[in-house]
Amino acid sequence: MNRKLYIGTLLIALVALFTACGKQPKNTFSSGITTVMCDESFENIISQEIEMFEYHYPKANIMPYYVDEQTAVDSLMDLKTQLIIISNKLSKAHEAQLKLKNRRLYQQRLAVDAIALIVNNKNTLDELSISELRNILLGETKNWDEIEPSKLKQIQVVFDHKHSSIVKYMVDSITGGKPFAGEVYAQQSTRDVIDKVSKNKNTIGLIGVSWITPDMRGRNKSAAEYYQELQKNDTTTLDFNDNIKVLKIRRDDYPIAFKPYQAYIFSGEYPLYRSIYVATTAARGSLPHGFLTFLTGYVGQKIIQNTGVLPAAIQPRMVQVN
């Protein structure tokens with residue numbers, strides 16, 4: 001079944017089920033049922049946001065669909081969903097098209113994401129320049145020993161899937177519009193990228209930074225404990241998943257390379273970053289607007305901060321882990 005048709009059918013079926021039970025959900029700022037279409041690379045962030053929102057508002061049910069960015073945009077434009085989370089701000093043309101359908105577009109920057117480059121722990125490489133990265137992606141640099149002395153063989157690049165917004169960013173910002181070339185392979189998901197890199201010494205992976213913070217390896221706290229923890233005004237810990245190595249990246253005109261820590265994303269010293277936007281066509285006072293308000297409020301922004309992504313509304317404060 002077509003994905004968009006499936007989403008609409010499932011939502012209607014759920015509402016019908018509630019109606020048959022005499023418990024039709026009332027759609028308010030904090031109750032009811034709605035869908036959200038989210039760029040797959042932000043799944044780790046939004047899954048936590050939904051968990052905490054539904055904990056705080058137990059009458060709310062948000063159904064997430066983690067898809068490629070174009071599918072999310074198409075769903076909003078076709079009125080199949082009222083809320084999307086993507087890596088680009090929708091254009092004036094999108095806004096005009098929605099206006100013709102009597103829909104008002106509201107969008108807001110949610111966070112600034114970093115794209116991390118990961119390699120196997122047995123890879124001795126610690127950093128890349130932007131030009132070295134460009135040459136790898138274009139297939140002009142084919143072997144690891146062309147960058148530094150190495151016993152490793154041909155470079156293999158892996159990314160999340162063929163419609164990846166990360167690839168779009170790299171093509172737009174790094175390769176000058178030229179498509180990837182050489183040994184470059186799409187996977188089925190970000191989890192597959194991490195798995196591939198952890199098992200293959202010759203591979204370099206492109207992923208969103210939220211997938212490699214320790215918090216993403218599994219939280220043992222209950223929803224209530226985590227919600228209370230989010231109320232605290234603590235610092236952000238500098239640490240990454242130790243199953244893989246996160247490379248430092250440097251600009252060609254700068255001698256120092258940086259890892260994608262929040263402070264370096266904030267300062268712009270880490271060069272591979274992009275914004276995350278939340279957009280909705282729902283009326284104010286509705287559940288989609290309630291979730292948007294939660295995402296951009298204090299607790300929602302603290303969740304983002306804890307994933308290693310830079311929240312739009314909270315400046316980073318960091319403590320180095322020894």
message = List pairs: first residue in region 164-187 and on the phi < 0 side of the Ramachandran plot and surrounded by fewer than 19 Cβ atoms within 10 Å (Cβ to Cβ), second residue at pLDDT 95 or above and among the small types (Gly, Ala, Ser) anywhere in the structure, Cβ distance under 7 angstrom, at least six positions apart or on different chains.
response = 171/177; 181/139
ask   = Regarding residue 43, is this residue under 23 Å from residue 189 (Cα atoms) and at pLDDT 95 or above?
value = no
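Residues 89, 80: which one is in a loop (DSSP other than H, G, I, E, B), out of contact with any Cys (no Cβ under 6 Å at 6 or more places or on another chain), surrounded by 15 or more Cβ atoms within 10 Å (Cβ to Cβ) and at pLDDT 95 or above? So that I can check it myself, show each step before the final result.
Numbers: 89 fails: surrounded by 15 or more Cβ atoms within 10 Å (Cβ to Cβ).
Selected residue: 80, the only one of 89, 80 that is in a loop (DSSP other than H, G, I, E, B), out of contact with any Cys (no Cβ under 6 Å at 6 or more places or on another chain), surrounded by 15 or more Cβ atoms within 10 Å (Cβ to Cβ) and at pLDDT 95 or above.
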inquiry  = Just to verify a result, which residue in region 218-244, among those that are open to solvent by 40 Å² or more (accessible area, probe 1.4 Å) and within 30 Å of residue 173 (Cα to Cα), is modelled with the highest pLDDT?
reply    = 243
ask   = Give me the pairs: first residue in region 84-95 and free of Cβ contacts under 8 Å to residues at least 24 places away in the same chain, second residue assigned to a loop (DSSP other than H, G, I, E, B), beta-carbon distance under 7 Å, and six or more apart or on different chains, which are they?
value = 94/105; 95/105
request  = Name the one entry in 136, 118 that is touching a Gly at 6+ places or on another chain (Cβ under 7 Å), open to solvent by less than 10 Å² (accessible area, probe 1.4 Å) and touching a residue at least 12 places away in the same chain (Cβ under 8 Å).
outcome  = 118
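Is there a residue in region 21-37 that is within 13 Å of the chain's Cα centre (by Cα), open to solvent by 20 Å² or more (accessible area, probe 1.4 Å) and more than 21 Å from residue 172 (Cβ to Cβ)? Talk me through it step by step, then tell me what you get.
From region 21-37, those within 13 Å of the chain's Cα centre (by Cα) are 37; that's our starting set.
After this cut, where a residue has to be open to solvent by 20 Å² or more (accessible area, probe 1.4 Å) as well, the list is none.
No: zero hits.
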ask   = Which of the residues belonging to region 152-180 are out of contact with any Asp or Glu (no Cβ under 8 Å at 6 or more places or on another chain), farther than 13 Å from residue 117 by Cβ and not in a helix (DSSP H, G or I)?
value = 153, 162, 175, 176, 177, 178, 179, 180
Residue 270 being within 24 Å of residue 40 (Cβ to Cβ), modelled with pLDDT of 95 or more, part of a strand (DSSP E or B) and among the aromatic types (Phe, Trp, Tyr) = no
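The values are calculated or read from the model by the stated rules, or taken from the named source; none is laboratory data. Keep in mind it's a predicted model, so treat the numbers as computed, not measured. When we count neighbours, we look across all protein chains shown, and the Cβ atoms used for this are built from the backbone with ideal geometry, even at glycine. Remember, those area values only see protein heavy atoms, side chains included, never the ligands or the DNA or RNA. Shrake-Rupley method; radii C 1.70, N 1.55, O 1.52, S 1.80 Å.
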